[in-house]
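Student: Below is a structure I'd like to ask you about.
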Amino acid sequence: MSTANLSLLLNYLNATLTPDNMRWMASQLAKQADLQERSLKPYTIEEIDAMIDEAEAEIAAGKGTPHEEVMREWDEEIARMEVEEFEIAEAV
């Protein structure tokens, strides 16, 4: 949003909000900004390497689900959804 638009919004809010409303709005905006900044923080190379190492260790230990099993379960789920959609269409 441009500075001009933000200024217009600020002027509108200043004219319509009570001081308590302004304080509440400011705290809510600050909380939301903190959440967004934390969620957008990029991983470091070290963090990415650690995640890869962990995943490789789990695979080596036999943990996880083989690709073929995931695909079979996915196909079964899609088939169930198609049957449900067909039954709903018939009922209508």
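Taken together, the values in this text are just the output of simple stated rules run on the coordinates, not laboratory data. Here the structure is a predicted model, which is why all the values come from computation and not from measurement. FYI the Cβ positions are ideal-geometry reconstructions off the backbone, even for glycines, and counts take in every protein chain you see.
Student: FRET efficiency for M81 and E54, Cβ-Cβ distance as r, R0 = 30 Å, nearest 0.05?
Tutor: 0.35
Student: For the chain, what are the DSSP H helices with axial Cα length of 18 Å or more and mean Kyte-Doolittle hydropathy of at least 0.5?
Tutor: Those that clear 18 Å and a mean of 0.5 are 3-16.
Student: State the label only: which of (i) 126; (ii) 92; (iii) 269 corresponds to volume of the Cα convex hull per residue in Å³ computed from the shown model?
Tutor: Calculated volume of the Cα convex hull per residue in Å³: the matching label is (iii).
Student: I would also like to ask the following. If R₀ is 22 angstrom, what is the calculated FRET efficiency for the pair A4 and A26, using the beta carbon separation as r and rounding to 0.05?
Tutor: About 0.55, to the nearest 0.05.
Student: Helix-only estimate, please: 222 nm mean residue ellipticity of the chain, summing -39500 (n - 2.57) across DSSP H runs of length 4 or more and dividing by its residues, to the nearest 500.
Tutor: Helices in the chain give a 222 nm mean residue ellipticity of -28000 deg cm²/dmol.
Student: Under unit Cβ charges (Lys, Arg +1; Asp, Glu -1), what dipole magnitude, rounded to 20 debye, does the chain have relative to its Cα centre?
Tutor: 1220 debye
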